[in-house]
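Take a look at the structure below.
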Amino acid sequence: MSYIDGYVMAVPKANKEKFIAHASMGDEVFTEAGALRVVECWQDDVPRGKVTDFYGAVKATDDEAVCFSFVEWPDKETRNAAMARLHETMQSDPRMDPDKNPMPFDGARLIFGGFEVVVDLSK
């Protein structure tokens with residue numbers, strides 16, 4: 001079964017096009033490294049919670065949208081090997097260079113994690 005890296009971040013609403021451009025350039029690196037799929041999502045129907053919610057998780061302000069992204073890998077081993085290679089080459093790849101492809105959001109409030117797929121109802 002596949003392995004998923006999930007990401008949630010707060011992006012200034014004014015930076016939507018910059019976010020898309022940043023992701024479009026950088027996400028190719030993951031597919032070249034063996035990812036099956038990379039998906040970037042912009043807030044559409046994200047309710048406010050009474051106890052916790054996506055906004056609180058990333059300390060989003062009223063002028064920021066919550067974005068959710070995930071990278072699907074064939075398995076954890078492929079992901080770990082790819083991430084090790086990416087960490088080694090990050091500085092040399094212009095798509096990952098923060099001077100050439102700056103993050104259009106506060107990376108300190110990005111949350112992420114790796115997830116083992118335990119149920120998959122895809123067709």
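The values are calculated or read from the model by the stated rules, or taken from the named source; none is laboratory data. Small disclaimer: the values here were computed from a predicted structure and weren't measured. Methodologically, a virtual Cβ is constructed for each residue, glycine included, from the backbone with ideal geometry; neighbour enumeration extends over all protein chains shown. Calculation scope for accessible area: heavy atoms of the full protein, side chains included, ligands and nucleic acids excluded. Shrake-Rupley method; radii C 1.70, N 1.55, O 1.52, S 1.80 Å.
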Could you please find all residues in segment 105-116 being in a helix (DSSP H, G or I) and open to solvent by less than 70 Å² (accessible area, probe 1.4 Å)?
GLY107, ARG109
Taking the condition in a strand (DSSP E or B) and among the aliphatic types (A, V, I, L, M), does VAL119 pass?
no
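Rundown of residues vs (1) out of contact with any strand residue (DSSP E or B) (no Cβ under 7 Å at 6 or more places or on another chain); (2) within 17 Å of TYR7 (Cα to Cα); (3) outside any loop (DSSP other than H, G, I, E, B), yes/no style:
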| residue | (1), (2), (3) |
| --- | --- |
| ASP62 | yes, no, no |
| CYS67 | no, yes, yes |
| GLU72 | no, yes, yes |
| ARG79 | no, yes, yes |
| GLU88 | yes, no, yes |
| ASP93 | yes, no, no |
| MET96 | yes, yes, no |
| ASP99 | yes, no, no |
| MET103 | yes, yes, no |
Options GLY49, GLY34, GLY6: the member that is among the small types (Gly, Ala, Ser), part of a loop (DSSP other than H, G, I, E, B) and within 18 Å of GLU116 (Cβ to Cβ)
GLY34
If the Cβ limit is 8 Å and pairs must be 6+ apart or interchain, which residue in segment 22-43 that is farther than 20 Å from VAL11 by Cβ pairs with which residue that is outside any helix (DSSP H, G or I) and modelled with pLDDT under 95?
LEU36/SER2
Reported set for segment 84-98 where residues are open to solvent by 40 Å² or more (accessible area, probe 1.4 Å) and hydrophobic (A, V, I, L, M, F, W, C) is ALA84, MET90, MET96
Within the group ALA10, ALA21, ALA65, ALA33, which residue is loosely packed, with under 15 Cβ neighbours inside 10 Å and of a type in the set (A, V, I, L, M)?
ALA21
Of the numbered conditions (1) under 17 Å from the mean Cα position of the chain (by Cα); (2) farther than 19 Å from MET9 by Cα, LEU121 fails exactly one; give the number of that condition.
(1)
Output yes when any residue across segment 48-62 is among the β-branched types (Val, Ile, Thr), surrounded by 18 or more Cβ atoms within 10 Å (Cβ to Cβ) and either touching a helix residue (DSSP H, G or I) at 6+ places or on another chain (Cβ under 9 Å) or under 21 Å from PRO102 (Cβ atoms) (or both), and no when none is.
yes
Would you point out which residue out of ASN101, ASN80 is at pLDDT below 95, open to solvent by less than 90 Å² (accessible area, probe 1.4 Å) and within 22 Å of GLU28 (Cβ to Cβ)?
ASN101
